[in-house]
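Here's the structure we're looking at; comments come further down.
Nothing in this text is a laboratory measurement; each read-out follows from the coordinates by a stated rule. Since we're looking at a predicted model, the values are computed, not measured. When we count neighbours, we look across all protein chains shown, and the Cβ atoms used for this are built from the backbone with ideal geometry, even at glycine.
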Amino acid sequence: MDKTRHLILASVIIVAVVVVGLWDIGDIGSTLAVSELTDEHIGKSVRVNGTVKAGTLHWADNGSTILFTLTDGRTDMNVVYREPQPPNLIEGNHVAVTGTMLPDRSISAKQLVTSCPSKYAAENTTLKSAQ
């Protein structure tokens, strides 16, 4: 092959890799507040920011499921997370939740990203077992 064909082939491969790499990103920059979610988001993957509401953080199913309420101060939403507990998941702490919004307007979370605790924050609240 001559140089022109090599250049064209390399360009096509690079474009294909970029397209495939970006295929699943979707609205990667779209992070919503809890009160911004609508019925249009039901069944879709969403990324939502909020705070773990006081008194709602607990686990169920022998510790394999974490349940809490995410709030933005205006609207609350229940979150179910079936992965290991991330560090700094405490009541009153900020969390970014990525998951699927369910018809009951809760989120089945796939990923939780918590903020770093402040050295000036009040004492952490531990998880409570669901009855």
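Full extension of the chain between residue 85 and residue 18 yields a length gain of 20.8 nm, computed as 0.36 nm times the residue separation minus the alpha carbon distance. Full extension of the chain between residue 62 and residue 8 gives 13.7 nm of extra length, using 0.36 nm per residue less the Cα-Cα distance.
With neighbours defined as other Cβ atoms within 10 Å of a residue's Cβ, the residues 14, 42 order from fewest to most as 14, 42. Normalised by residue number, the volume inside the convex hull of the Cα atoms of the stretch 53-112 is 82 Å³ per residue.
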